[in-house]
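Structure record follows, encoded as structure tokens.
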């Protein structure tokens, strides 16, 4: 158990080392003669080699040893860096990653090991290398994914009902045998109580297995046990079905030991995989941990203080201690949020390698730069952002940046520039993803939107409105779908992901000069400052940063009930009542909360303003998911609930109602 | 024959039963917070062990005349859909008993002017001259998966 734990840490760490190695190699590829980077590469490899040795990853030791030697020679100026060396290094990294997660090394990996070793060897001797092109290696990776054997556990349980449909389980199982190797753990073909448990080792996908089981729909269960053949190199003897009726089976009741052994093994494998892949770890600055320890010690002190004062019935001191605890809980809260913060370069470092490969694939030259990578965001936000951000970068490289020839013809630098720039403003983090490519053609978007029937051909749109059209579901601005971007996920999914974390996205573009996507994000989303208001016995929480001011509802001619406008210091402002229907209602006394969010400004009439409140957001699920004007709910001190409003969505909702 | 254990409860005059494996807890006297614009059969939300659950009005679900005062108890269900577990809750007038039924005691619904959605009912058990309706909570409180559907439709268009 202990050793498994350390092994997991080792794997986590090594994955981290490999990422920084990749990032250094990308830098080295731009600057072959940079000795500092070479030293860095050497150091990281040395660490990986050392750690791998401790945990018995001999194959990793073998390749890193040889490659490390090369970099040692480079360091000593006996060899020079070439593109070939970088390529070999990258393929070694992929290989090491593969080795890390393979309990038993398969033949393919062994061949790869040999290939890499011989490549390194030939490089040392200055010979020509046998490097498979990038495209090819990408392709073979895909094929390998398809051909990979997986182990499935299939449980079939038929009841009397299905018997009427004249289904014989026997034939279903026979079909399963066509998919791969089957190991039957128990089977019963008696008329009233048919059932079977089968391990299937197959390269087929879930869907294909499901297809075979089509006729016994609702009566089966398919579980993925392992991403490999669990029976491989193993002595567990199970009879293999040979296609005729004389099938020998292991009956769970007759041979319980073997069955249990198998189940146990299956569970072990499952758990191992979970340990390796599913847990998400976070590396934390030691300072933050010290701070946490300090808070804990404070808490212990205050706790005994409180206990003591209560025993002596000293009310005054108890109240004092309670106040201290309140302050401490705020600090704990802050600390917990701090612990969750992760610097942005954690993801952008990973992009470096992907961008390098991508650029090679589309034959473009790209310089990728990250500014402000040290700025931190909540782990959850970073994780959610990973995919949409990569999508934007892919778009920039695939569609934004022109080919080197075209760029030169336009008088631009051959090398296209893609930048991610992070900056902080209050509780907001801004991410700017920009490229100096071709920009987005306004005419093209306009025509396409008309063609799709999204807008009329007479529509007059501001630049922002026009660019926002690209987030419309199914709106693709690319004429030819390339195999990199433009398939599957569109910009609308990017928008959705970003809205999920309460972010906003805008586009700026100039034709021929480039495009910039600006993401406005919250640093943390789990706790926000709100104002509590009450209306019709429902308590609402409104994010404080959306609120401009609170005033009384004005009387007389300042309120235009017909058009739903209020005169606020000379500006006509639309207003809504948050009643059950969100529509307009007759005037009544109350307070006015003026909302301002970006270009949106409106007022809300409520019965009562309660006060400020730090809300811990709890998500609403199920039926409420469609009600987009609710961001969630939060517990109030007395255990009751307040609804957290999304002001922008609230306005959209009330607008729709007014129109209807 | 196999037996299962059921929780029985009253909604209006009708007696219902649900397999106890679906039931997490029965709450009493819980404050339900109303939610504006919620669907008709949803009374609001409730705080259950730090999570927020929707509260359905069983009277609306089973087409029994609404009577707010009688919605006294809340049954918290834990249900499964294809890939996840989810919890919902629903009000009932009173919780009666925990009983065992043989599987073969459960019969199809007699065809006699049933006023509610028959898909919700798995079968009927007759006890002491009374019919007990066995509900299938996964069908009654089906989790809407609109969002997922929309996304997959979209992928189809683009690819």
Quick check on this structure: which one of A:319, A:371, A:315, A:325 is modelled with pLDDT of 85 or more and touching a strand residue (DSSP E or B) at 6+ places or on another chain (Cβ under 6 Å)?
A:371
Just to check your reading of the model, which residue among B:95, B:23, B:76 is over 20 Å from residue A:623 (Cα atoms) and at pLDDT 85 or above?
B:95
Among the residues of the stretch A:512-527, is there at least one that is away from chain B (no Cβ under 14 Å), surrounded by fewer than 17 Cβ atoms within 10 Å (Cβ to Cβ), within 17 Å of residue A:438 (Cβ to Cβ) and at pLDDT 75 or above?
yes
Given the conditions (1) assigned to a strand (DSSP E or B); (2) farther than 23 Å from residue A:553 by Cα; (3) more than 9 Å from every other protein chain (Cβ to nearest Cβ), report the number of the one that residue A:612 does not fulfil.
(2)
Any strands (runs of 3 or more DSSP E) falling wholly within the stretch B:4-55 and containing at least 2 residues that are within 16 Å of residue B:79 (Cβ to Cβ) and more than 9 Å from chain A (Cβ to nearest Cβ)
B:14-19, B:23-28
Among the residues of the stretch A:623-633, write down those that are more than 19 Å from residue A:533 (Cα to Cα) and buried (at least 21 other Cβ atoms within 10 Å of the Cβ).
A:624
Could you check residue A:411 against (1) under 30 Å from residue A:284 (Cβ atoms); (2) surrounded by fewer than 19 Cβ atoms within 10 Å (Cβ to Cβ) and say which number it fails?
(1)
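Of all residues in the stretch A:337-347, which are more than 13 Å from the chain's Cα centre (by Cα) and closer than 17 Å to residue A:371 by Cβ?
A:343, A:344, A:345
Each row is one residue, and each column tells you yes or no for (1) buried (at least 18 other Cβ atoms within 10 Å of the Cβ); (2) under 25 Å from residue A:348 (Cα atoms); (3) under 30 Å from the mean Cα position of the chain (by Cα).
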residue	(1), (2), (3)
A:8	no, yes, yes
A:26	yes, yes, yes
A:47	no, yes, yes
A:51	yes, no, yes
A:58	no, no, no
A:80	no, no, no
A:107	no, no, no
Whichever residue in the stretch A:605-622 is modelled with pLDDT of 85 or more and under 23 Å from residue A:503 (Cα atoms) and, among such residues, is surrounded by the most Cβ atoms within 10 Å (Cβ to Cβ):
A:613
Do we have any residue at all in the stretch A:33-54 that's closer than 22 Å to residue A:104 by Cβ and out of contact with any helix residue (DSSP H, G or I) (no Cβ under 6 Å at 6 or more places or on another chain)?
yes
If you check B:83, B:71, which single one turns out to be away from chain A (no Cβ under 14 Å), modelled with pLDDT under 85 and more than 11 Å from the chain's Cα centre (by Cα)?
B:71
In the stretch A:599-631, what residues are in contact with a helix residue (DSSP H, G or I) (Cβ under 8 Å, 6 or more places away or on another chain) and more than 17 Å from residue A:541 (Cβ to Cβ)?
A:600, A:602, A:625, A:626
Residue tally, condition within 13 Å of another protein chain (Cβ to nearest Cβ) and at pLDDT 65 or above, over the stretch A:475-511:
11
Members of the stretch A:422-457 that are in contact (Cβ under 8 Å) with a residue 24 or more places away in the chain, part of a strand (DSSP E or B) and more than 20 Å from residue A:366 (Cα to Cα):
A:423, A:424, A:428, A:429, A:430
Among the numbered criteria (1) buried (at least 20 other Cβ atoms within 10 Å of the Cβ); (2) under 22 Å from residue A:440 (Cβ atoms); (3) at pLDDT 85 or above; (4) under 25 Å from the mean Cα position of the chain (by Cα), which one does residue A:401 miss?
(4)
Please enumerate the residues belonging to the stretch A:415-448 that are over 30 Å from the mean Cα position of the chain (by Cα) and surrounded by fewer than 13 Cβ atoms within 10 Å (Cβ to Cβ).
A:443, A:444, A:447
Helices (runs of 4 or more DSSP H) completely within the stretch A:345-420 that count 2 or more residues being touching a residue at least 12 places away in the same chain (Cβ under 8 Å) and in the same structural domain as residue A:499 (by TED's automatic domain parsing):
A:345-361, A:379-395
Output the residues belonging to the stretch A:623-658 that are in a helix (DSSP H, G or I), in contact with a strand residue (DSSP E or B) (Cβ under 7 Å, 6 or more places away or on another chain) and either within 9 Å of chain B (Cβ to nearest Cβ) or at pLDDT below 75 (or both).
A:623, A:624, A:654
Flag if residue A:191 is outside any helix (DSSP H, G or I) and at pLDDT below 65:
yes
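The values are calculated or read from the model by the stated rules, or taken from the named source; none is laboratory data. Computed from a predicted structure; not experimentally measured. Cβ sites come from the backbone with ideal geometry, for glycine too, and all protein chains shown count toward neighbours.
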